[in-house]
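*Asks:* Handing you a structure now.
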Amino acid sequence: MKVGIIGAGMVGSAAAYALVMRGDASEIVLVDHNARMAEAQAQDILHATPFAHAARVRAGSWSDLAGAGVVIITAGVTQKPTETRLELLERNTAVFADIIPAILNVVPDPVLLIATNPVDVMTEVAWRLSGLPRDRVIGSGTILDSARFRALLGEHLGICSRSIHAWVLGEHGDSEVLCWSSASAGSVPLADVAQQVGRPLSEDVRQRIDGGVRRAAYRIIEGKGATWFGIGGGLARIIQAIRADEDAILTVSRVEDSVEGIGPVALSLPRLVGAKGIAGTLMPKLDDVERAELRNSAAVLVQASGRTP
Ligand SMILES: NC(=O)C1=CN([C@@H]2O[C@H](COP(=O)(O)OP(=O)(O)OC[C@H]3O[C@@H](n4cnc5c(N)ncnc54)[C@H](O)[C@@H]3O)[C@@H](O)[C@H]2O)C=CC1
Ligand SMILES: CC(=O)C(=O)O
């Protein structure tokens, strides 16, 4: 599948690199208003293909997107160490007003995969600007947060994170909801697993893991200026699900009329992801606290979009 990537900075290039290493795309076109940088990134990533999977990787202009099945959008500004994702909204909405029509001019019926922050609100912005069906405008949402949750749980329990099933829902941001009540390893509830391996999930441990997930971006940005490897892997995983028409369950963002009585709002829930984009949503079983947190997260996002929850 041909994949277009708009924005060849840290996230765009990490996504392209992950696609090549995992063999998830046959052709990748990087488009950036800094054409020299896009060209340099494309060359550098192309040089990794002999060590990974065959793929045509090049920089291009808008017209080179023709025939792309998915266009990933990572263009825009990033957070400074003290900024929240929501503070980027105005600047990145202006970027989307330029790039969405330019994409649709060449690829009239793409799946758009949004990574630019604040990703949930930008998913709604992209949906409104594009006029595409909502299932074809996917935000990477909390795919990264769920991965962080699984990685930290796996580390604590001494179990491979791929065998940990745990979701983060709602906003990709400060109000996100860590679903402890449904988390499991294999099919064994997490609290039982923790007991069996002698690594209890005490309140202290839960708070440490919560902070490690919710505050991850702030900590990494303080240390190295931005985050890119985690989201690069997540974007490639979403492309794999689309390319292979997997109907895989991934926590990604989409516009909903209403979540917990609040909406319209774009946020993450467990979604079936396949060739046409989002093929369905599974409303998870939540406990009372998680349900209240999801409601709050929806309200935060509606407010950020300039409406009253
Ligand atoms: N969804 C997620 O989980 C994550 C999202 N992000 C977000 O991804 C976005 C990109 O982050 P980075 O790649 O680190 O930033 P970056 O600054 O390295 O790259 C952004 C690129 O966008 C390009 N660009 C800006 N306006 C453009 C336009 N109108 N047309 C074409 N290209 C344009 C810039 O030239 C730049 O190369 C940010 O909003 C960041 O917050 C970052 C990490 C995780
Ligand atoms: C920057 C960002 O959104 C993240 O790493 O979660």
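*Asks:* Looking at the chain as a GNM with Cα springs under 10 Å, which of V273, V255, V197 has the largest mean-square fluctuation?
*Replies:* Greatest mean-square fluctuation among the candidates belongs to V197.
*Asks:* Under 14 Å Cα-Cα from K80, which aspartates and glutamates qualify once same-chain neighbours fewer than 8 residues away are excluded?
*Replies:* The qualifying aspartates and glutamates are E222.
*Asks:* Taking the Cα atoms only, what angle lies between the long axis of helix 288-304 and the longest principal axis of the chain, rounded to 10 degrees?
*Replies:* Helix 288-304 sits at roughly 30 degrees to that axis.
*Asks:* Distance in nm between label sites at E39 and R56, each 7 Å beyond Cα in the beta-carbon direction?
*Replies:* My value for the distance between the label points is 1.9 nm.
*Asks:* What's the Kirkwood radius of the chain in Å, using all Cα pairs?
*Replies:* This gives a value of 19.5 Å.
*Asks:* What is the magnitude of the charge dipole of the stretch 142-305 about its Cα centre, with +1 placed on the Cβ of each Lys and Arg, -1 on the Cβ of each Asp and Glu, and no other charges, expressed in debye to the nearest 20?
*Replies:* 520
*Asks:* Let me ask something additional. Shape call for the stretch 142-305 from the C-alpha gyration tensor, a ≥ b ≥ c root eigenvalues: rounded (a/c under 1.5), prolate (a/b greater than b/c) or oblate?
*Replies:* Taking the square roots of the gyration eigenvalues as a ≥ b ≥ c, the stretch 142-305 is rounded.
*Asks:* If you line up the long axis of helix 203-214 against the longest principal axis of the chain, both from Cα atoms, how many degrees apart are they, to the nearest 10?
*Replies:* For 203-214 against the chain, the angle is about 10 degrees.
*Asks:* Run the reach check for K285 against lysines, Cα to Cα strictly under 28 Å, same-chain hits fewer than 8 apart removed. What comes back?
*Replies:* K276
*Asks:* Moving on to the next point. Using only Cα atoms, locate the centre of the stretch 272-288 and the centre of the stretch 1-76, then give the distance between them in Å, rounded to an integer.
*Replies:* Measuring centre to centre over Cα atoms gives 28 Å.
*Asks:* Related question: Going by the alpha-carbon gyration tensor, a ≥ b ≥ c the square roots of its eigenvalues, is the stretch 189-234 rounded (a/c under 1.5) or, if a/c is not under 1.5, prolate (a/b greater than b/c) versus oblate?
*Replies:* Judged from the Cα gyration tensor, the stretch 189-234 comes out prolate (a/c at least 1.5, a/b above b/c).
*Asks:* Taking the highest mean first, how do the peptides 2-11, 144-153 order by number of other beta carbon atoms within 10 angstrom per residue?
*Replies:* With the highest mean Cβ count within 10 Å placed first, the list reads 2-11, 144-153.
*Asks:* Using the basic label-point model (7 angstrom from Cα toward the beta carbon), what is the D210 to Q196 distance in nanometres?
*Replies:* Between D210 and Q196, the label points sit 2.7 nm apart.
*Asks:* Where a ≥ b ≥ c are the square roots of the eigenvalues of the C-alpha gyration tensor, would you call the stretch 29-110 rounded, which needs a/c under 1.5, or, failing that, prolate if a/b is larger than b/c, or oblate?
*Replies:* It comes out oblate by the Cα gyration axes.
*Asks:* Among P50, P118, N92, pick out the residue whose Cα is farthest towards the positive end of the charge dipole of the stretch 45-133, where Lys and Arg carry +1 and Asp and Glu carry -1 on C-beta, about the Cα centre.
*Replies:* P50
*Asks:* To the nearest whole percent, what portion of all C-alpha pairs in the stretch 2-139 is separated by more than 26 angstrom?
*Replies:* Tail of the P(r) past 26 Å holds 20 percent of the pairs.
*Asks:* About the Cα centre, and with charges only on the beta carbon of Lys, Arg (+1) and Asp, Glu (-1), how big is the dipole of the chain? Nearest 20 debye, please.
*Replies:* The calculated dipole for the chain is roughly 480 debye.
*Asks:* Let me ask something else about it. Hey, any idea what % of the stretch 2-139's accessible area is carbon plus sulfur with a 1.4 Å probe?
*Replies:* Percent of accessible area from carbon and sulfur atoms in the stretch 2-139: 56.
*Asks:* With the other protein chains left in place, how much accessible area per residue, in square angstrom, belongs to the stretch 2-139 at a 1.4 angstrom probe?
*Replies:* 42
*Asks:* Mind checking the per residue accessible area of the stretch 142-305 for me, 1.4 Å probe, whole number of Å²?
*Replies:* 44
*Asks:* Would you mind telling me the share, in percent, of accessible area of the stretch 142-305 contributed by carbon and sulfur at probe 1.4 angstrom?
*Replies:* 49
*Asks:* Nearest 500 deg cm²/dmol is fine: what mean residue ellipticity at 222 nm does the chain get from its DSSP H runs of n ≥ 4 alone, each adding -39,500 (n - 2.57), divided by its residue count?
*Replies:* Helices in the chain give a 222 nm mean residue ellipticity of -13500 deg cm²/dmol.
*Asks:* Please give the peptides 230-236, 281-287 ranked by average Cβ packing (other Cβ atoms within 10 Å per residue), highest first, as a rough proxy for protection.
*Replies:* Per-residue mean Cβ counts within 10 Å order the peptides as 230-236, 281-287.
*Asks:* When we measure straight from the Cα of K2, which aspartates and glutamates land under 15 angstrom away, once same-chain ones fewer than 8 places off are left out?
*Replies:* D24, E27, D64, D109, D245
The values are calculated or read from the model by the stated rules, or taken from the named source; none is laboratory data. Just so you know, these numbers come straight off a predicted model, no measurement behind them. Backbone-built Cβ (ideal geometry, glycine too); neighbour counts: all protein chains shown. Remember, those area values only see protein heavy atoms, side chains included, never the ligands or the DNA or RNA. Shrake-Rupley method; radii C 1.70, N 1.55, O 1.52, S 1.80 Å.
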